[in-house]
1. So Gly218 passes all but one of these: (1) in contact with a helix residue (DSSP H, G or I) (Cβ under 8 Å, 6 or more places away or on another chain); (2) of a type in the set (Gly, Ala, Ser); (3) over 24 Å from Phe284 (Cβ atoms). Which condition number does it fail?
2. Pick from Thr398, Thr419: which is out of contact with any Pro (no Cβ under 7 Å at 6 or more places or on another chain), of a type outside the set (A, V, I, L, M, F, W, C) and within 20 Å of Pro493 (Cβ to Cβ)?
3. Working only within the range 372-396, note down all residues that are of a type in the set (Lys, Arg) and surrounded by fewer than 19 Cβ atoms within 10 Å (Cβ to Cβ).
4. For the range 13-59, which positions are modelled with pLDDT of 95 or more, more than 20 Å from Pro81 (Cβ to Cβ) and open to solvent by less than 50 Å² (accessible area, probe 1.4 Å)?
5. Would you mind stating whether Ala104 is in a helix (DSSP H, G or I), open to solvent by less than 30 Å² (accessible area, probe 1.4 Å) and modelled with pLDDT of 90 or more?
6. Would you be able to tell me the number of residues in the range 176-198 that are surrounded by fewer than 22 Cβ atoms within 10 Å (Cβ to Cβ) and under 19 Å from Thr68 (Cβ atoms)?
7. Would you mind finding the one in Phe142, Phe170, Phe117 that is closer than 18 Å to Arg105 by Cβ, in a helix (DSSP H, G or I), touching a helix residue (DSSP H, G or I) at 6+ places or on another chain (Cβ under 6 Å) and of a type in the set (Phe, Trp, Tyr)?
8. Which residue is farthest from Phe21 (Cα to Cα), if the candidates are limited to the range 67-99 and must be part of a loop (DSSP other than H, G, I, E, B) and of a type outside the set (A, V, I, L, M)?
Amino acid sequence: MLNMRDKGVVAVLLLLCTSIFYWHAHQYEYIQDDAYISLVYAQNLIEGNGLVFNANEFVEGYTNFLWTLLLSIPLLLHIDPVRYAQVLGELSESIAIASSQGIARHLVPKRHVLWSFITPLLLASNGALGFWALCGLETTFFTLLLTAGALTYTREIQSGRIGNMPALFFALATLTRPEGIAFYGLTVMHRAAYFGLIGRFSLVEQLRTSLPFALLVGAQIIFRYVYYDALLPNTFYAKTGWDVDHIERGLVYAHAFVVGYGLWGGVFVGPILLALFSQARPFFSYVALLTLFNGIYVVVIGGDVWSECRFFMPLLPLHYMALQELLFVFGNRLSYRSNRSMPLGIISTIFVLVCYNSIYAAPSLKHSQASFIEHNRRLEEVARYILQLEEMPQTVATSTIGIIKYRTGVRVVDILGLTDAHVARYPELLPGVVAAQNDVMRKYNVSYVLDQKPDMIFFLTGLKPIKAAEKALYVSERFLRNYYAAYISSELPIFVLDVDSEFAGDTFHNARFVEHYIAGTNAMSRDLDTAISELTHAIDAAPNNFPYAHQRLGVVEMQMGREADAMVSWHRAIQIDGRCVKALANLSIFYVRRGQLSAAAPLAMRAVQLSPYSQLVQMAAGMSVIFSDARLALEHLKKASAMPGINRSEATFFVGLAHKQLGELQQARDIWETLLNENPQDNRLRKALDSL
C-alpha cells in the first residue's frame with residue numbers, strides 16, 4: 001500500500017503526464033474524414049434509418065461498432081458530436097496513461113513509486129499518440145480497453161485467481177476494433193499455459209470466465225449476420241488482397257514505427273528478453289506474445305492507409321512498460337559492477353533518446369496534420385457547393401465520403417468500396433490501371449459506379465487521379481463522354497453529369513496515358529520541362545476525347561512564356577471537348593488581355609453555363625463584356641469578387657473598372673482605394689485612380 005506521501009507524488013506526476021499529453025494532442029489537432037463515416041451511421045441510427053451509411057443500403061462500412069454507438073449519444077442529446085468524439089478520445093488516452101502506471105506498480109510493488117512513471121511519461125511524450133487523440137477515431141479508446149484488459153490480466157497472474165474482467169474489457173475492445181478478438185484469443189492461450197505450468201488450470205473456470213466475451217462478441221456477430229448478411233465487416237472485403245506488395249507495404253509501415261517510436265527494434269526484442277530474465281517473466285511473456293502477433297498482423301495486412309503508425313499505437317503502453325523494465329534490469333545489473341551514478345546516467349540517456357525520437361518525428365506529424373486539414377477544407381468546400389445548388393444531386397460518387405455525406409445527406413457511392421458491398425465483393429479490375437505502391441485500397445468497379453448514374457464525381461486531388469478507382473474512370477469511354485469538370489472554385493473541380501448523357505455501352509482505353517498525365521501534373525510545380533515532356537507523352541497515348549492533358553499543357557506553356565503555344569493547346573482542348581471549362585476561361589482571359597473581346601465573350605459565356613460557381617469563370621465573363629455591356633460585366637465580377645479564391649483582388653479591380661464604365665466614379669474610387677490600402681505597391685491601382 002502507498003503511504004500518503006507517495007499517493008501525493010502519484011497524483012502530481014499523473015497530472016504532469018496528463019498535461020504533457022494534452023499539450024501534445026492539441027499540437028496536432030484535426031479531424032479525420034473517416035470519423036464522419038461513423039457519425040453518418042450514428043446519425044442515421046438516431047433518425048430511424050438504421051445503422052446504415054445510405055438509406056436502405058445495409059452495409060457495415062465501419063470497423064468500430066462500439067465507437068459508432070457511442071457517437072450516437074451526442075446526436076441524441078443535440079450536442080456537438082465532433083467535439084464529443086475529441087473529448088472522448090482525449091479522456092480515453094488520459095485514463096490509459098494512468099492505467100499503465102497502475103500496471104507498472106502492480107508488476108513489482110516493492111519498487112520505488114517513481115519507477116512506475118517512466119511508461120506514463122513516455123506515453124505523454126509520444127507525438128503519434130497525441131496525433132491520433134483528437135482526430136475523432138477510436139484509436140485511443142481501443143488503446144484504453146486493451147490496456148485495461150492487460151491490467152486486469154496482470155492482477156490475475158499476481159493473485160493466481162481467474163476473473164471475468166479481462167473477458168469484459170477485451171470484449172469491449174473487440175466491439176471497438178475487430179482485431180480485439182485476436183488479442184483476447186492470445187490472452188486465453190497465455191492464461192491457459194501459465195496456469196497449466198503452475199498446476200492450477202481448470203477448463204471449466206476458463207470457460208466460465210470467458211462467458212462475458214462470448215456473449216457480447218457473439219451477439220455482435222449474430223447482429224452482423226442478420227442485419228448486414230455478412231460474417232465480416234464490409235471494410236474487410238474492400239481492403240483484403242494478398243500479394244507481395246502487401247507484405248512490402250507492411251514492412252515499410254513497421255519500419256517507420258520501429259525507427260520513429262520503437263527504439264530501433266527494442267519494442268519487439270525487449271519483451272522477449274524480459275520473458276527470460278525479468279522478475280515479472282509471466283507478464284512480459286504475455287507482452288511478447290501480443291507484440292509479435294501485432295507486428296506480424298500489421299505487416300501481413302499491408303499497414304494502414306495513413307502514415308503515423310496508427311496500428312501500433314494500441315500496444316504502445318505495453319511496449320513502453322517493457323522498455324521501463326529493461327531500463328530497471330539493465331541499471332540493476334550495472335550497479336553491481338560500477339558506482340550508482342553510471343547506470344542512472346545510462347538510463348536517463350536512453351529515456352531522453354526515446355523522448356527525443358518523438359520530438360524528432362514532429363515535422364512529419366505537422367506535415368500530416370496540414371495534409372489532413374487541407375483534405376478536409378476541400379471536402380467542406382464540396383459540401384457547401386452541393387448545399388447551395390438549386391437542385392440537390394441525388395447521388396455523388398467519390399473516394400472521400402465522410403464529410404460530404406455528413407454535411408449534405410445526399411446518397412454517396414464509395415468508389416473504393418468501404419461502404420459499398422458490390423465494389424468490395426465484386427471488383428472489376430482493368431489491365432494497366434496501377435495502384436500506388438503504398439495504397440491498400442485497390443478494388444474498384446467502374447461499370448457498377450457509372451451504372452449508379454452519379455450526378456457528380458469528385459477526386460480529392462482535382463483533375464489528377466490518385467486512387468486506382470479514379471484512374472480507372474479516366475480510361476472509361478462512358479465517363480469521358482458523359483462527365484465534364486465544373487469548377488467549385490478556381491482550382492477545385494468536380495465532374496458533373498452532362499444533361500445529354502447516354503449510358504449505353506462502354507469501352508476501356510489503354511491506361512498508359514494516365515500515368516504520364518499524373519507525372520506531368522506533378523512536375524508542373526517543380527520542373528516545367530519534365531511537365532511538358534510527360535504531358536506530351538500523355539497526349540500521344542490518350543484517347544481522342546481526353547482534353548485535360550492539353551488544358552494542363554497550355555498552363556505550363558503560359559508559365560514558360562510560350563503564349564502562342566498555350567493558345568494552341570487550349571484551342572485543342574476545346575476542340576476535343578467543348579465542355580473543357582478551364583481552357584475556355586483561360587483562353588477567354590488571354591483574348592481580353594490582347595483586346596480581342598469579341599473572341600473572348602463567347603468562350604467566357606460558355607464557361608459560365610458549364611461552371612457558374614467558378615471564380616475564374618465569372619471573372620472571365622465580366623472581363624469579356626466590360627466594354628460592351630458594363631452592367632452585365634458588373635454582375636459577373638461582383639459574383640467573382642465575393643467568391644473565395646486566388647482571383648479575388650483581380651476580380652475586385654475589374655468591379656471598379658465596370659463602375660467607371662457606368663459613370664459611377666465614386667464607387668470605382670472607393671473600391672480601388674481599398675485595394676490600394678491592401679497593396680500599396682500596385683502601380684496599376686494608382687494609374688486607375690489617377691484616371692478618375
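The values are calculated or read from the model by the stated rules, or taken from the named source; none is laboratory data. Just so you know, these numbers come straight off a predicted model, no measurement behind them. Positions of Cβ are generated from backbone atoms using ideal geometry, with glycine treated the same way; all protein chains shown enter the neighbour counts. Remember, those area values only see protein heavy atoms, side chains included, never the ligands or the DNA or RNA. Shrake-Rupley method; radii C 1.70, N 1.55, O 1.52, S 1.80 Å.
1. (1)
2. One residue alone meets the criteria, Thr398.
3. Arg377, Arg384 - these are the residues of the range 372-396 that are of a type in the set (Lys, Arg) and surrounded by fewer than 19 Cβ atoms within 10 Å (Cβ to Cβ).
4. Glu57, Val59, listed by residue number.
5. Taking the combined requirement at face value, the residue does not satisfy it.
6. So the count comes out to 3.
7. Checking each option against the conditions leaves just Phe117.
8. Ranking the candidates gives His78 first.
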